[in-house]
Each structure stands twice: as C-alpha cells, then as structure tokens.
C-alpha cells in the first residue's frame, strides 16, 4: 500500500496502526510538531521514561549502540565532537581526572578522584601558599607533597593556590620555601602519607 501525499505539506503520510479499530493515515509533519510540543510540556515525564528504558536492558542498548557506532563512524565522531564543544567544562574536568590518574600511576602513588570544587569545599578558597583569597576562574589545585616526591594523589594532599604561586612552588616541599612563602607551613595541616 503506497502512502498518499499530505495535502498541507506535500509529503507522504504516515500510517498509525495503534488503534484497535484499525489504522489511519496522519500528517507526519503535524505529528512531529505535536510530539515536540508534548515533549516540551512534559520534560520530566519524558526523562523518566528514557531512564526507565535505559535501565530496562542495558546489555541490549549497549550492543545496539556499539553496532550503530560501527556502522556510522562519521556520525559518531561528529556527535561526540559536538558534545565536546557544548560541554567544555565537563571535557576539561574529565581530561584533568585522567591526567591525575596517569600521574599517580606513574609515581606509583595512591590515587582518588577529586575536583577543584571538592578541594574548595574541604579546605576553603584561600591560597595555602600566600594566604590570599583565590578567584573561582583562577584556581590551581596543588599537591602539598608533590607526586614527583612520592606524595599521594588524594584529597587530603591537595590545596588551592593562585596559578603564579603554584608555578613558583614547582615540585618542592614547603620546608624548602619558607623564604618565598612565609607562613605557608602554618596554613597547612600535616599531611599523613
């Protein structure tokens, strides 16, 4: 059966067979518009349905996605590049976590995942080297005991610094920097490794 053309949009019509009394022809353009309007009005309901669907059979979804990815490598590449452009902060955070993990593995030091926001919540936003407040867009996270000297990559060993203070400290211990950062040792609780 060939689909008739829609009078209002000059496109082939769709066949809806969900009705128990039989199917009917419908305008696909208007159907898409109605669906988009419903989705916008019922965003939480739609998200709930999507979560339930994703949780229902994760192995099948994973296999289906893997198959699609192998069949459409260009579309897959474009989709994750678009996501990267739309989410630069999340991309940077992921890159930083991977970098931290690699550095800790190379130094054979203990490692746990942390973010700059977690460091700020745990120890405050004052630069532990100079004692002045750090600005949210200009914060570095520094290892009190550097990884290169065997320090662990765990939250207790990390404090916030200004970028310039962090670069001046390099990979040295605080005991070696009393002339450059007076009082820094007093601002840091002892770190147990």
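The values are calculated or read from the model by the stated rules, or taken from the named source; none is laboratory data. A quick note: this is a predicted structure, and the numbers were derived from the prediction, not measured. With ideal geometry, Cβ positions are generated from the backbone for all residues, glycine too; neighbour counts draw on all protein chains shown.
Suppose the filter is surrounded by 14 or more Cβ atoms within 10 Å (Cβ to Cβ) and in a helix (DSSP H, G or I); does residue 98 pass it? When the stated conditions are applied, residue 98 does not pass them. Hey, does region 139-153 have a residue that's under 30 Å from residue 84 (Cβ atoms) and in a helix (DSSP H, G or I)? Yes, the conditions are met somewhere in region 139-153. Applying the criterion of at least 3 residues that are under 30 Å from residue 137 (Cα atoms) to the helices (runs of 4 or more DSSP H) found wholly in region 34-88 leaves 73-86. Considering region 101-117, the residues that are surrounded by 14 or more Cβ atoms within 10 Å (Cβ to Cβ) and outside any loop (DSSP other than H, G, I, E, B) include one that is modelled with the highest pLDDT, namely 116. Is it true that some residue in region 168-180 is surrounded by 14 or more Cβ atoms within 10 Å (Cβ to Cβ) and in contact with a strand residue (DSSP E or B) (Cβ under 7 Å, 6 or more places away or on another chain)? Yes, the conditions are met somewhere in region 168-180. Here residue 128 fulfils each of the conditions (1) in a helix (DSSP H, G or I); (2) buried (at least 19 other Cβ atoms within 10 Å of the Cβ); (3) more than 26 Å from the chain's Cα centre (by Cα) apart from (1).
When each of 82, 98, 87, 42 is tested for being without any contact (Cβ under 8 Å) to a residue 40 or more places away in the chain and more than 19 Å from the chain's Cα centre (by Cα), the lone residue that passes is 42.
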